[in-house]
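The values are calculated or read from the model by the stated rules, or taken from the named source; none is laboratory data. Remember, predicted model here, so these are calculated numbers, not experimental data. Backbone-built Cβ (ideal geometry, glycine too); neighbour counts: all protein chains shown.
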Amino acid sequence: MKKLFQGQVRRYTDDAALPDSFWVEIETKYSGKRRYYHNLHHLENLLEQLSEVKLSIKDWDVTLFALFYHDLVYNPARRDNEEKSARMAGERLKSINFPKDGVDKCRNMILATKGHADASDNDTNLFTDADLSILGCAHDQYMEYARQVREEYHIYPDMLYKPGRKKVLQYFLSMDRIFKTNHFYDKFEAQARENLSIELKSL
């Protein structure tokens with residue numbers, strides 16, 4: 001991933017120091033000691049999922065930058081992580097003279113991960129679907145993800161965490177479709193609903 005990201009940055013800037021400094025920032029943020037799920041492994045999985053639909057993505061460069069920056073800021077105690085991540089992504093992309101419409105789209109894609117609602121832009125739907133792909137993985141893997149999320153929210157006791165987690169699970173289960181695009185719907189929808197329902201009953 002390091003080479004991929006740095007190669008992307010070099011396409012837009014002649015400043016030899018920026019690819020390294022940008023990557024160090026990303027690696028440091030995603031390697032925080034409390035990053036049990038929202039870490040570099042999450043980025044690797046997201047890249048794997050998006051690579052499967054690369055030919056359907058119109059703006060691959062924008063999507064890649066959204067991938068690397070979408071969880072750059074992650075503090076379970078705050079509700080503005082997406083906004084802060086989007087802002088930092090915009091600042092970094094502007095500094096390498098990335099096209100303005102691309103900067104705006106990247107920020108919007110990151111903001112879309114807050115609610116994972118259906119968007120008018122297909123790239124955004126593919127991106128947010130890939131971000132949710134963990135919901136539809138094998139049940140054992142899903143429960144490990146659920147455990148990792150609980151670790152990230154360790155500051156909250158069960159009496160506070162469980163109601164909040166239930167609300168999240170019910171939000172997804174109430175959707176007509178969790179996955180907006182046919183590719184991810186066909187691949188993950190049924191298993192995701194099963195996983196979410198089982199976790200909900202266990203809380």
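Observations on the structure shown:
- Close pairs from the stretch 14-26: first in the same structural domain as residue 68 (by TED's automatic domain parsing) and closer than 18 Å to residue 39 by Cα, partner part of a helix (DSSP H, G or I) and among the β-branched types (Val, Ile, Thr), Cβ under 6 Å, at least 6 apart: 22/9
- The sole residue among 108, 125 that is within 21 Å of residue 12 (Cα to Cα) and either among the small types (Gly, Ala, Ser) or modelled with pLDDT of 95 or more (or both) is 108.
- Residue among 80, 71, 59 that alone is surrounded by fewer than 15 Cβ atoms within 10 Å (Cβ to Cβ) and either over 27 Å from residue 153 (Cα atoms) or outside the structural domain of residue 151 (by TED's automatic domain parsing) (or both): 80
- Flag if residue 98 is aromatic (Phe, Trp, Tyr), crowded, with 17+ Cβ neighbours inside 10 Å and not in a loop (DSSP other than H, G, I, E, B): no
Each row is one residue, and each column tells you yes or no for (1) surrounded by 15 or more Cβ atoms within 10 Å (Cβ to Cβ); (2) not assigned by TED's automatic domain parsing to the domain that holds residue 82.
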position	(1), (2)
103	yes, no
127	yes, no
139	no, yes
149	yes, yes
155	no, yes
163	no, yes
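Rundown of residues vs (1) without any contact (Cβ under 8 Å) to a residue 24 or more places away in the chain; (2) closer than 29 Å to residue 61 by Cα, yes/no style:
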site	(1), (2)
98	no, yes
131	no, yes
134	no, yes
145	no, yes
159	yes, no
167	yes, no
173	no, no
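- Boolean, residue 123 is touching a residue at least 12 places away in the same chain (Cβ under 8 Å), within 18 Å of residue 54 (Cα to Cα), crowded, with 19+ Cβ neighbours inside 10 Å and not hydroxyl-bearing (Ser, Thr, Tyr): yes
- Filter result for residue 30 (surrounded by 14 or more Cβ atoms within 10 Å (Cβ to Cβ) and either more than 18 Å from residue 92 (Cα to Cα) or among the polar types (S, T, N, Q) (or both)): no
- Within the stretch 186-203, tally of residues that are among the small types (Gly, Ala, Ser) and surrounded by 14 or more Cβ atoms within 10 Å (Cβ to Cβ): 1
- Close pairs (6 angstrom Cβ cut-off, 6 or more residues apart or separate chains): closer than 11 Å to residue 142 by Cα in the stretch 182-202, among the hydroxyl-bearing types (Ser, Thr, Tyr) and part of a helix (DSSP H, G or I) anywhere: 195/142
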